[in-house]
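Remarks on the structure that follows.
The values are calculated or read from the model by the stated rules, or taken from the named source; none is laboratory data. From a predicted model like this one, the values you see are computed outputs, not experimental measurements. Cβ sites come from the backbone with ideal geometry, for glycine too, and all protein chains shown count toward neighbours.
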Amino acid sequence: MSTDCKECSLASTCLPSAFEEGDRYKLDSIISSAKSYSRHQTVYRQADNFQALYVVKSGALKTYITNTKGNENITGFYLPGDFIGLESISKKHYLSTAQTLTPSLLCKVNYQELANMRKSTPSLSDWAINMFSHSLASGHDFFSCLSQHTAIARLATFLLVISKRMSRSEHYQMNFHLSMSRQDIAGYLGLANETTSRAFTRLVEKKCIQKRNKDIKIIDLTGLKQCSNLDSASF
């Protein structure tokens, strides 16, 4: 197994966890060493031929589709531990453009090599099911945000989702930094910039959060959940 994988803090949930200790040398033919990307650098473009998945080792990214008028529609945000490109596997081309929001480290996973290895490594199937389940859960989070009728409910839901994803557990991370711009958040939530700004102000006034630029502190988790209008079971 490559030094990158051995020393990575994400190894327990990433591809190495699908292999027995003695089989982890096989990862060398699947995963390329982590590559550095600068802020706002494109990883792949919509309609490019699909060849690989990418794992976020550090940093943050967004994916977006470009409509016929040239406008960007944001389809997702990706944080450390997330796989990018899963939705494109069956189409053989990337369905969206992936771009970094911050300086990032990404590991490239050769999908064809990964698919070929499933026969000799049965445990890969269990790992793949968990990975796709995580991806579906992220899609559910997106629809949870958009299902809310008010701007404050959409934003509260979004902050709860990001908080839990940041913690990489069932708990909430009460202090976190938003890598995405307010404009990107607004686009993701289907809101105007000004509306998103007012929603942030209302959450601060309600003493649900404190906000300093892009740094968020949740000070009333129960209140934030109430603002989201979602059942407690959803989070």
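A few notes on this one:
- Candidates Ala137, Ala115, Ala98, Ala128: the one that is within 13 Å of the chain's Cα centre (by Cα) and assigned to a helix (DSSP H, G or I) is Ala137.
- Checking each residue in the range 117-131 for being exposed (fewer than 13 other Cβ atoms within 10 Å of the Cβ), without any contact (Cβ under 8 Å) to a residue 24 or more places away in the chain and of a type outside the set (S, T, N, Q) picks out Lys119, Pro122, Ile129.
- Leu114 meets each of the listed conditions (1) crowded, with 19+ Cβ neighbours inside 10 Å; (2) within 24 Å of Ser38 (Cα to Cα) apart from (2).
- The sole residue among Phe176, Phe200 that is assigned to a helix (DSSP H, G or I) and among the aromatic types (Phe, Trp, Tyr) is Phe200.
- Hey, Lys119 at pLDDT 95 or above, among the basic types (Lys, Arg) and more than 19 Å from Cys8 (Cβ to Cβ) or not: no
- Screening Ala186, Ala156 for residues that are more than 17 Å from the chain's Cα centre (by Cα), in a helix (DSSP H, G or I), surrounded by 13 or more Cβ atoms within 10 Å (Cβ to Cβ) and of a type in the set (Gly, Ala, Ser) leaves exactly one candidate, Ala156.
- Scanning the range 192-217 for residues that are closer than 15 Å to Phe77 by Cβ and either of a type in the set (D, E, K, R) or modelled with pLDDT under 95 (or both) returns a single hit, Lys214.
- Residue count for the range 161-183, restricted to those that are under 14 Å from the mean Cα position of the chain (by Cα) and either over 24 Å from Gly81 (Cβ atoms) or among the hydrophobic types (A, V, I, L, M, F, W, C) (or both): 5.
- Within the range 213-228, the presence of at least one residue that is of a type in the set (A, V, I, L, M, F, W, C), outside the structural domain of Thr100 (by TED's automatic domain parsing) and under 23 Å from Gly59 (Cβ atoms) is confirmed.
- Residue that is surrounded by the fewest Cβ atoms within 10 Å (Cβ to Cβ) [pool: residues in the range 39-65 that are under 18 Å from Met180 (Cα atoms) and either among the hydroxyl-bearing types (Ser, Thr, Tyr) or outside the structural domain of Asn110 (by TED's automatic domain parsing) (or both)]: Thr42
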